[in-house]
Amino acid sequence: MARNNGAMIYDNTRVDEIIPGDIVTLKTSGDTYRAKQLILCPGPWAKPMLNMLGLEVPLKVNQIHNII
Ligand SMILES: Cc1cc2nc3c(=O)[nH]c(=O)nc-3n(C[C@H](O)[C@H](O)[C@H](O)COP(=O)(O)OP(=O)(O)OC[C@H]3O[C@@H](n4cnc5c(N)ncnc54)[C@H](O)[C@@H]3O)c2cc1C
């Protein structure tokens, strides 16, 4: 659905640095990108990614096993 709406997907591309601003700069293992808006969805890696923005959020990843 994202692709159908113009999104481009870069596999195996690590986000190394996020520089906030009116135009957000995203430095990756491959290239540097600039965009008006950035949506982050790093799942369990939210804490290190938010740290890139100088945000210290008390998140902790837990593994829970459910037996059904
Ligand atoms: C074994 C297992 C079984 C699970 N079973 C279920 C289930 O049955 N039902 C359910 O609802 N959920 C299940 N989950 C949880 C499931 O993983 C999440 O619900 C779902 O994947 C969350 O999606 P997401 O897109 O938020 O995060 P994710 O799928 O974790 O995606 C986050 C992505 O961000 C990427 N990323 C992080 N940091 C960076 C970076 N610096 N640069 C570039 N990319 C980065 C990661 O590589 C990853 O691809 C399971 C998880 C595990 C491990």
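Throughout, read-outs are computed from the coordinates displayed, never taken from laboratory work. Being a predicted model, the structure only gives us computed values, none of them experimental. Note that each Cβ is placed from the backbone with ideal geometry, even for glycine, and that neighbours are counted across all protein chains shown.
For region 23-45, backbone nitrogen atoms closer than 20 Å to the point 7 Å from Leu59 Cα along Cα-to-C-beta are found at 24-29, 37-45.
Couplings for region 6-13, taken from phi via the Karplus curve 6.51 cos²θ - 1.76 cosθ + 1.60 with θ = phi - 60°, read x, 6, 10, 10, 10, 6, 6, 10 Hz in order; Gly and Pro are left as x. If R0 equals 22 Å, the separation of the Cβ atoms of Lys27 and Asn4 corresponds to a calculated FRET efficiency of about 0.20. Couplings 3J(HN,Hα) for region 46-56, derived from phi with the Karplus relation 6.51 cos²θ - 1.76 cosθ + 1.60 (θ = phi - 60°), are 4, 4, x, 6, 5, 4, 4, 9, x, 9, 9 Hz, where x marks Gly and Pro.
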